[in-house]
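Student: I have a structure here, written as structure tokens, and I will follow up with some questions on it.
The values are calculated or read from the model by the stated rules, or taken from the named source; none is laboratory data. Being a predicted model, the structure only gives us computed values, none of them experimental. Every residue, glycine among them, receives a Cβ derived from its backbone with ideal geometry; neighbour counts consider all protein chains shown.
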Amino acid sequence: MAFRFLHTADWQIGKPFGSIPGDAGAELRSQRIATIGEVARLAAARNVDAVLVAGDAFDSNEVQDRTILRTLDALKPFSGRWIFLPGNHDAALAHSVWSRLRQMGPEENIVIADRPQLIEGWDGRAVILPAPLTRRRESLDQTEWFDTAATAEGAIRIGLAHGSVANRLPGAAEASNEIPDNRATTAGLAYLALGDWHGSLQIAPRTWYSGTPETDRHRANRSGFVHIVELDGPDAPERVEAVPVSHYRWHQVEAEMLDGTCNAGLDALAELEADAARRVVSLTLKGGISLAERYQLGIELEKWRNRFHHLDVDDAGLFEEPTDDDLDALDSSGFVRLAVERLKAQAANNADPQAAAARVALRMMYVDHMNGGR
Amino acid sequence: MKLRRIEVKDFRKLGHVVIDDLGDGLNVIVGDNEAGKSTLLAALRAALFERHRVGGAAAAAMQPYNQSVRPEVALEFERDGAIWNLRKAFCQRQEAQLSGNGERYTGDAVEDKLAEMFGFTPSSSGGTKPQEHHGVFGLLWVEQGMSHRQLGIGAGRNHLASALEREIGQVTGGERGRALLSAAEARRDQFWDKRGNPRGDFKSLAGKIEDDRQQLADMNRQMAEHDERVNRLAGIQNILARYQRDDTLEVLRKRAAAAREAFAAVSGLEEALRAAESSAERAKLRHEASVARNATRQKLIADLAADLGASESARLAREEASATLARLDAVAAQAATRLDKMVEAERAATARLRGMEQALARRQAAQAVARLTGQLKLAEEADEARRKALALVQGATLTAEDLAALEKLERGVEQARMRLEAASVRITLHPSAGQAAQVGGKPVGAELSLSRDTTLVLEGFGEIGIHPGGGTEELARAADQSAQALESALRRLGLADIAAARAALRQQDTARAEVKTHGATVAALAPNGIEALRQELVRNALLAEGGEAQAVEPADIEAARRASVEIEAQLRGAEVELRERRNAVEAARRELAVLDERVSVAETRCARLREELASARATADDRLLDEEVERERQAFQAANEARDAARAALAGADPEAKQIALKQAEQSEREIEADIRRLDVEKREIEAALRALGKDGLGEQLALLEGQITAAEAKLKSVALEAEAAKLLHTTLADAQRETKDRWLAPVRERSAPYLRLIQADSDIVLHDETFEIEQLVRNGVAEPFGALSVGAREQIAVITRIALADILREAGQEACIVLDDALVNTDEARLERMHLVLGKAAQNQQVLILTCRERDFLQLGAPIRRM
């Protein structure tokens, strides 16, 4: 009488990645649907009874029709039941992505769990208790009805909800859409499948976040997985396998250059060399380096920028500290030397409103110099 | 270096020329056109800079036209206090010698030494070019026709630069610096336009962000509208769901049908009430009519009774008034009689009083006659006396003036006599007894006063002639004349003497007084004149004569008068009384007439009413009317009760509630129907609108745009920083360059300033910091490019600059003479004079050779002049 299903959530299809310009952003957008295709294939391969999507399948209720239709296409490899729970991003409002999807005439295996009603089937082996969000923020606990919902004897009770678990996820500071951490126990659930937190995580007994299958942000939270869950009976302990499915890897790297060279930053990037084209990297640089090093760093960063899927460099904390060698390289005498000295003084004076501009100016001069003044 | 001697042989057109004894300062070398002064400069150059072994075009150029000779140049110059001799022969048997300062060189060593001494770079092969190979002399030796051009510093630059460095110890950024500056400028121009506004990508990025923000605002607005619609849709769905769940419309329809039924039942009761109200109204009217008829009859009866009473009382009143009239008539007659008697008595009293008054008047007249008679007599006497005195006054001719004249004359006589007497001879005679004396035969007394010649005869003696002297004669005549004047005046007035005159005047005064006294007496006695007095007397006499005298006393008259007044008062009282009585009679009579009328009217009314009542009773007697009233009253009461019953029945059925209920039920049904229809329509509209919006993925677009804006803002921030940096870099470099340049060229400015002042106040020469070529002339703060100046100005500025540079070089130990070959040909006379001052000033420290074909121009220069 076992029941096996795939637990996933927070697809956030239609997320635009507007801050990542050009093709890189567009590819991130389309990959989210492509990854769902992977999930569908995985579900088929593992022969699961159902796929439970615990909310936020779509980034918003106002995604394009094209996005909805392409998502439906991506689901096709798995012909079992897809149970979609409206989350806060795609809440089941009067008009929502779900009402639109219904009008598009989806396949019969697509179930929209937009009402707090039991979803039955599977020869009575299992029953799904969904707690859909019909508003973006619900102040009342939507899972409360689980406790009193009567189900057939012997059926495995599986909860499906979206939100933060009270007292457990301080990161999700929202007071709305809160789920008590003992709901699985009080409602006799074998597994409470949650969405909202983007990492794979067991948050309470029998209570799991699957996280998003395709990582969508720089955060050190074990994202990019789906859960294959096996339940042998209503009271049997859950067996959860987190399967990595994410195409892109997101990294947040911080390097502080203390030795006057740019090695620390470049070394940190070198560690990500393998599979570089799948990596989305945010690099924060700190410290002070010479103009020569800064010039070299620029050249190297440009290389990495081309190798990574996307590289975002925050060098606000990086300061050029022109050395005598730098200055001698520029010019040891004449008005250039005078100009360098002045810029250097300005750059070093944090009270000067043009200090930042002076630093960049020094770097520019150095680049011009290295380019032969052209 | 200072040139001391130049000797040229067979060099181009010059056969043999020697110019020696060249001085320290200015030296003018005059040569006519074609005389070869420019050739002299070429020969100088050849000696110093051309290799003696030079061949080809350079060597050929030294040969005279169409000849092949051996051009030779020999120079003697002084350098650092030492005298040097240089000698070069070209083309044939080439030769070079240099000696001085205890040194001696020949052949190629000469050229090497020269290059070392003057710091130029000898040409490796072929001829030399001044700007490339002549070092500072390329700068300071100016060929004819070149003076107005740029300096052509060329190879002199390094000398100058090192000379300037010596002063300021710093060099420019060089080629590399300029490359950096131009790169910085190019970079700045990527970001900023000429006016300092953003341009290119920098500008369009900011513009794009602005556009995107605008678009974002639009989309947010659309999104808000979208959300609003979704909310509205949810609301509509809720309402419709509730209607459906509650089957609201069907419930309302049933309720309306029930209300309509209930309302129909109430309508019957309303109809019954209206009928009952109508019949009650009719019964009421009938009852009121019967009551009114009865009341009319009763009133008629009562009126008749009242009128009969009134008629009787009117008659009684009339009788009483008649009696009163008779009584009043009698009383009035008595009063008339009394009045008649009183009239008689009054008349008698008046007659008696008049008689007494007349008697009294007569007695008084008689008394007046007696008094007036005496009075008249006295008045007439006084008047007589007055008239007499008046006649006397009027007859008198003598006046007080006359008397005064007489008295004056008398005083004249007296004075004349006194004067005469004083002048006369007084003689006192004391005759012996019995003896007498005579004058003129007449005896004289004991004393004589003689005023004229007199002969006194003394008895016993004889005669004594006496002759008074001293004008007695004249005095005696005056005395006589005065006596005669008095005499004649008295005669004229008819008076004997002056005493008579006085008496006559006194008499007149007395008479005048009497006139006055008597006049007063007459006026007192007869104030109105004597005639009036006389008339009064006559009148009184006539009065006293009438009637007999009667002894009447004033007291009697007063008594009689009082009696008369009393009787008159009684008479007036009687008259008043009689008038009142008669008025009373008249009033009584009028009242009687009124009462007569009233009696008549009352009787007429009574008759009419009696007739009316009789006629009415003939139709319906009083009892019949009473019965009718009672019958109608009962009918009315019954109708009222029926109406009240109907009303109570209707009120019991609560028709208003039924009506309201019906209205409400029907309205609710309509409202809900309309609401459902309306909501349905709105729902479909909203759904259609949302479908349309959803198709384009507004949310996706919005999120995308937000991300893009965030990215673009970050980009803009970084680009803005770059732009700022580019600007800063360029500004800093340019400022640094300008400042360095200023410092660099300051010595040139300083050196040229004293010369410039001589031709142009407040001006400044600006050189290029690298090439040292003249860039600008700044006059009065206005910069002009060198090329834009006039030819004359250019050659002046160029000459001054060369002098200034020569100063700098000299101070740096590189003294070199300046050679100017007709360098100021374009300069006007006035400026030329100023330029002579410049040259003179330069020559104080510097050897200057001037080659010219215009000797006249340089005569005033005060320099030695040599002719070629």
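Student: Which count do you get for residues in region A:318-355 that are facing another protein chain (nearest Cβ under 8 Å) and closer than 19 Å to B:LYS717 by Cα?
Tutor: Matching residues across region A:318-355 total 1.
Student: Moving on to the next point. Going through region A:181-211 one residue at a time, which ones are in contact with a Gly (Cβ under 9 Å, 6 or more places away or on another chain), in contact (Cβ under 8 Å) with a residue 40 or more places away in the chain and among the small types (Gly, Ala, Ser)?
Tutor: A:ALA187, A:ALA190, A:ALA193, A:GLY195, A:SER200, A:SER210, A:GLY211
Student: Can you tell which of A:ARG29, A:ARG41 is at pLDDT 95 or above, of a type in the set (D, E, K, R) and in a helix (DSSP H, G or I)?
Tutor: One residue alone meets the criteria, A:ARG41.
Student: Could you pull out every one of the strands (runs of 3 or more DSSP E) wholly within region B:759-854 that has 2 or more residues that are closer than 27 Å to B:ASP742 by Cβ?
Tutor: So the answer is B:763-767, B:774-779, B:782-785.
Student: If the Cβ limit is 7 Å and pairs must be 6+ apart or interchain, which residue in region B:700-719 that is at the interface with chain A (Cβ under 7 Å from one of its Cβ atoms) pairs with which residue that is part of a helix (DSSP H, G or I) and β-branched (Val, Ile, Thr)?
Tutor: Within 7 Å, the pairs are B:GLU700/A:THR67.
Residue-by-condition table, conditions (1) more than 14 Å from chain A (Cβ to nearest Cβ); (2) within 60 Å of the chain's Cα centre (by Cα); (3) at pLDDT 80 or above:
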| residue | (1), (2), (3) |
| --- | --- |
| B:ALA648 | yes, no, yes |
| B:LYS663 | yes, no, yes |
| B:ARG677 | yes, no, yes |
| B:GLU682 | no, no, yes |
| B:ALA689 | no, no, yes |
| B:ASP696 | no, no, no |
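Student: When you scan region A:116-126, do you find a residue that is under 27 Å from the mean Cα position of the chain (by Cα), more than 13 Å from chain B (Cβ to nearest Cβ), outside any helix (DSSP H, G or I) and of a type in the set (Lys, Arg), even just one?
Tutor: Within region A:116-126, none of the residues are under 27 Å from the mean Cα position of the chain (by Cα), more than 13 Å from chain B (Cβ to nearest Cβ), outside any helix (DSSP H, G or I) and of a type in the set (Lys, Arg).
Student: Residues in region B:775-806 that are crowded, with 16+ Cβ neighbours inside 10 Å and either touching a Pro at 6+ places or on another chain (Cβ under 9 Å) or more than 26 Å from B:VAL848 (Cβ to Cβ) (or both): how many?
Tutor: If we filter region B:775-806 for residues that are crowded, with 16+ Cβ neighbours inside 10 Å, which is where we start, we get B:775-777, B:779, B:786, B:789, B:792-806.
Restricting the remaining residues to those that are either touching a Pro at 6+ places or on another chain (Cβ under 9 Å) or more than 26 Å from B:VAL848 (Cβ to Cβ) (or both) gives B:775-777, B:804.
So the count comes out to 4.
Student: Looking for something modelled with pLDDT of 85 or more and either surrounded by 15 or more Cβ atoms within 10 Å (Cβ to Cβ) or β-branched (Val, Ile, Thr) (or both) - is there at least one such residue anywhere in region A:325-339?
Tutor: The answer is yes, given that some residue of region A:325-339 is modelled with pLDDT of 85 or more and either surrounded by 15 or more Cβ atoms within 10 Å (Cβ to Cβ) or β-branched (Val, Ile, Thr) (or both).
Student: Taking the stated definitions as given, is A:LEU297 among the hydrophobic types (A, V, I, L, M, F, W, C) and either loosely packed, with under 15 Cβ neighbours inside 10 Å or touching a residue at least 24 places away in the same chain (Cβ under 8 Å) (or both)?
Tutor: Yes, satisfied.
Student: Those residues that are closer than 26 Å to B:GLU78 by Cα and crowded, with 17+ Cβ neighbours inside 10 Å, I need them from region B:842-860; list them, please. Walk me through it before giving the result.
Tutor: Here is the first cut: in region B:842-860, the ones closer than 26 Å to B:GLU78 by Cα are B:842-852, B:858.
The answer is B:ALA842, B:ALA843, B:GLN846, B:GLN847, B:VAL848, B:LEU849, B:ILE850, B:LEU851, B:THR852, B:PHE858.
Student: Among the residues of region A:356-368, which ones are among the hydrophobic types (A, V, I, L, M, F, W, C) and facing chain B (nearest Cβ under 7 Å)?
Tutor: Passing the criteria: A:ALA356, A:ALA357, A:ALA358, A:VAL360, A:ALA361, A:MET364, A:MET365.
Student: Another question about this same structure. Under the condition of being touching a residue at least 60 places away in the same chain (Cβ under 8 Å) and under 24 Å from B:ASN197 (Cβ atoms), which residue from region B:732-745 is surrounded by the most Cβ atoms within 10 Å (Cβ to Cβ)?
Tutor: So the residue we want is B:LEU733.
Student: Sticking with this structure for a sec: If you take the residues in region A:144-154 that are touching a Leu at 6+ places or on another chain (Cβ under 8 Å) and in a loop (DSSP other than H, G, I, E, B), which one is surrounded by the most Cβ atoms within 10 Å (Cβ to Cβ)?
Tutor: A:THR151
Student: Can you spot a residue in region B:219-234 that is within 13 Å of chain A (Cβ to nearest Cβ), surrounded by 15 or more Cβ atoms within 10 Å (Cβ to Cβ), among the acidic types (Asp, Glu) and part of a helix (DSSP H, G or I)?
Tutor: Yes.
Student: Moving on. Residues of region A:47-85 being of a type in the set (S, T, N, Q), crowded, with 22+ Cβ neighbours inside 10 Å and either closer than 30 Å to A:ALA2 by Cα or without any contact (Cβ under 8 Å) to a residue 40 or more places away in the chain (or both), which ones?
Tutor: Within region A:47-85, A:ASN61 is the sole residue that qualifies.
Student: Here are some residues: B:LEU240, B:LEU205, B:LEU249. Which one is hydrophobic (A, V, I, L, M, F, W, C), in a helix (DSSP H, G or I) and under 30 Å from B:ASP735 (Cβ atoms)?
Tutor: The conditions single out B:LEU205.
Student: Show the residue pairs meeting these rules: Cβ distance below 9 Å; 6+ apart or different chains; first residue within region B:193-209 and closer than 13 Å to B:ALA720 by Cα and without any contact (Cβ under 8 Å) to a residue 24 or more places away in the chain; second residue charged (D, E, K, R) and outside any helix (DSSP H, G or I).
Tutor: Cβ pairs passing all conditions: B:ARG199/B:ASP193; B:GLY200/B:ASP193; B:LYS203/B:ASP193.
Student: Here's another thing I want to ask about it. Taking B:GLN298, is it over 20 Å from B:ALA657 (Cα atoms) and within 14 Å of another protein chain (Cβ to nearest Cβ)?
Tutor: So B:GLN298 fails the test.
Student: Another question, then. Taking the condition surrounded by 20 or more Cβ atoms within 10 Å (Cβ to Cβ), of a type in the set (Gly, Ala, Ser), at pLDDT 90 or above and closer than 20 Å to A:SER19 by Cβ, does A:SER282 pass? Reasoning before the result, please.
Tutor: Working: surrounded by 20 or more Cβ atoms within 10 Å (Cβ to Cβ): no; of a type in the set (Gly, Ala, Ser): yes; at pLDDT 90 or above: yes; closer than 20 Å to A:SER19 by Cβ: yes.
Here the answer is no, as A:SER282 does not meet what is asked.
Student: Consider A:ASN371 against the criteria (1) surrounded by fewer than 17 Cβ atoms within 10 Å (Cβ to Cβ); (2) over 37 Å from the mean Cα position of the chain (by Cα); (3) more than 9 Å from chain B (Cβ to nearest Cβ): it satisfies all of them except one. Which criterion is unmet?
Tutor: For A:ASN371, the exception is condition (3).
Student: Taking region B:173-183 as the search range and keeping residues that are within 7 Å of another protein chain (Cβ to nearest Cβ) and crowded, with 18+ Cβ neighbours inside 10 Å, which one is modelled with the highest pLDDT?
Tutor: Among those that are within 7 Å of another protein chain (Cβ to nearest Cβ) and crowded, with 18+ Cβ neighbours inside 10 Å, it is B:ALA183.
Student: Do you know which residues across region B:741-777 are among the acidic types (Asp, Glu) and in contact with a Phe, Trp or Tyr (Cβ under 7 Å, 6 or more places away or on another chain)?
Tutor: Those that are among the acidic types (Asp, Glu) and in contact with a Phe, Trp or Tyr (Cβ under 7 Å, 6 or more places away or on another chain): B:ASP769, B:GLU775.
Student: When A:ALA94 is evaluated against the numbered criteria (1) among the small types (Gly, Ala, Ser); (2) away from chain B (no Cβ under 13 Å); (3) surrounded by fewer than 22 Cβ atoms within 10 Å (Cβ to Cβ); (4) in a loop (DSSP other than H, G, I, E, B), which criterion, by number, is the only one it fails?
Tutor: Of (1) among the small types (Gly, Ala, Ser); (2) away from chain B (no Cβ under 13 Å); (3) surrounded by fewer than 22 Cβ atoms within 10 Å (Cβ to Cβ); (4) in a loop (DSSP other than H, G, I, E, B), only one is false for A:ALA94: (2).
Student: Residues that are exposed (fewer than 15 other Cβ atoms within 10 Å of the Cβ), at least 2 per element: which strands (runs of 3 or more DSSP E) completely within region B:42-100 meet that?
Tutor: B:82-89
Student: Take A:ASN88 and tell me if it is part of a loop (DSSP other than H, G, I, E, B), in contact (Cβ under 8 Å) with a residue 40 or more places away in the chain and closer than 19 Å to A:ASP10 by Cα.
Tutor: For A:ASN88, the condition - part of a loop (DSSP other than H, G, I, E, B), in contact (Cβ under 8 Å) with a residue 40 or more places away in the chain and closer than 19 Å to A:ASP10 by Cα - is met.
Student: Out of the residues in region B:270-319 that are under 30 Å from B:GLU597 (Cβ atoms) and among the β-branched types (Val, Ile, Thr), which is nearest to the chain's Cα centre (by Cα)?
Tutor: Residue satisfying both the conditions and the ranking: B:THR296.
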